[in-house]
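The values are calculated or read from the model by the stated rules, or taken from the named source; none is laboratory data. For clarity, every value in this text was computed on a predicted model and none was experimentally measured. Neighbour counts are summed over all protein chains in view; Cβ atoms, including those assigned to glycine, are modelled from backbone coordinates with ideal geometry. SASA here: full protein model, heavy atoms, side chains in, ligands and nucleic acids out. Shrake-Rupley method; radii C 1.70, N 1.55, O 1.52, S 1.80 Å.
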Amino acid sequence: LPTDLVKRAENAMYFAKLEKSGILFHTAKLEEKVLLRLETERALRRSLNSDPSNTFSLYYQPIVDSEKSEIVGLEALVRWSDNGQIKLPAEFIPLAEETGLIVPIGKWVIETACRQNKSWQNMDVGYIPVAVNVSAYQILHSDLSTIIREALDKTKLDPKWLIVEITESIMQDIEKTDAIINELKSFNVIVAIDDLGTG
């Protein structure tokens with residue numbers, strides 16, 4: 001059918017752009033990729049529509065001062081469990097950004113990291129900043145400063161114990177980035193640039 005032909009051409013074009021290849025033909029293997037992408041998107045939506053804590057989790061990677069051999073911070077890294085399999089960010093974050101699902105995922109990450117840090121402080125484990133990564137999509141398509149402010153208010157975490165890491169690529173929209181950085185700094189959140197030099 002002509003509609004099937006157009007759909008297959010669109011799928012081939014989508015993956016050609018994604019993989020940055022000039023020409024891509026529709027094949028059975030490409031069809032599998034399309035179906036996997038659709039199923040992954042549906043699974044992400046299901047996770048977010050139920051309790052995200054059931055399928056999303058945060059792993060904390062230490063940030064070490066090599067001269068003092070001391071842990072000076074932690075970086076919160078999101079993981080997603082789909083049908084019992086732990087997915088790394090590279091397996092679902094690009095799709096989440098493309099579909100806009102990164103906004104609710106990011107909101108959950110920020111609030112969960114703040115709540116966990118406050119919990120550690122309440123247990124007298126110590127005071128240490130926790131860093132969360134924020135994507136360019138979150139900065140450009142959500143009210144990031146409001147999301148962060150609400151998370152801090154809800155968890156009662158002092159803003160100085162939160163580091164917001166933005167990627168260098170967002171610097172292309174310097175006006176928007178500058179406004180958001182200044183707003184975050186106005187209520188004492190630390191802003192850091194992640195992957196500096198890679199862009």
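Quick notes on this structure:
- All of (1) touching a strand residue (DSSP E or B) at 6+ places or on another chain (Cβ under 7 Å); (2) surrounded by fewer than 19 Cβ atoms within 10 Å (Cβ to Cβ); (3) over 23 Å from residue 191 (Cβ atoms) hold for residue 65 with one exception: (3).
- The set of residues in segment 107-119 being in contact with a helix residue (DSSP H, G or I) (Cβ under 7 Å, 6 or more places away or on another chain) and more than 16 Å from residue 49 (Cβ to Cβ) consists of 110, 111, 114, 115, 117, 118.
- Condition check for residue 99: among the hydroxyl-bearing types (Ser, Thr, Tyr), in contact with a helix residue (DSSP H, G or I) (Cβ under 7 Å, 6 or more places away or on another chain) and without any contact (Cβ under 8 Å) to a residue 60 or more places away in the chain: yes
- A search for C-beta distances below 9 Å between a residue of segment 170-187 that is of a type in the set (Phe, Trp, Tyr) and any residue that is open to solvent by 60 Å² or more (accessible area, probe 1.4 Å) and modelled with pLDDT of 75 or more, counting only pairs 6+ apart in sequence or on different chains, returns 187/149.
- On the stretch given as segment 68-94, residues that are open to solvent by less than 30 Å² (accessible area, probe 1.4 Å) and touching a Leu at 6+ places or on another chain (Cβ under 7 Å) total 3.
- Restricted to segment 72-175, the set of helices (runs of 4 or more DSSP H) holding at least 1 residues that are at pLDDT 95 or above comprises 102-122, 144-155.
- Residues of segment 29-62 that are among the polar types (S, T, N, Q) and open to solvent by less than 30 Å² (accessible area, probe 1.4 Å): 40, 47.
- So residue 185, is it modelled with pLDDT of 85 or more, farther than 19 Å from residue 75 by Cβ, touching a helix residue (DSSP H, G or I) at 6+ places or on another chain (Cβ under 9 Å) and open to solvent by 30 Å² or more (accessible area, probe 1.4 Å): no
Okay, residues lined up against (1) hydrophobic (A, V, I, L, M, F, W, C); (2) at positive phi; (3) open to solvent by 20 Å² or more (accessible area, probe 1.4 Å):
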| site | (1), (2), (3) |
| --- | --- |
| 100 | no, yes, no |
| 111 | no, no, yes |
| 122 | no, no, yes |
| 138 | no, no, no |
| 143 | no, no, yes |
| 158 | no, no, yes |
| 162 | yes, no, no |
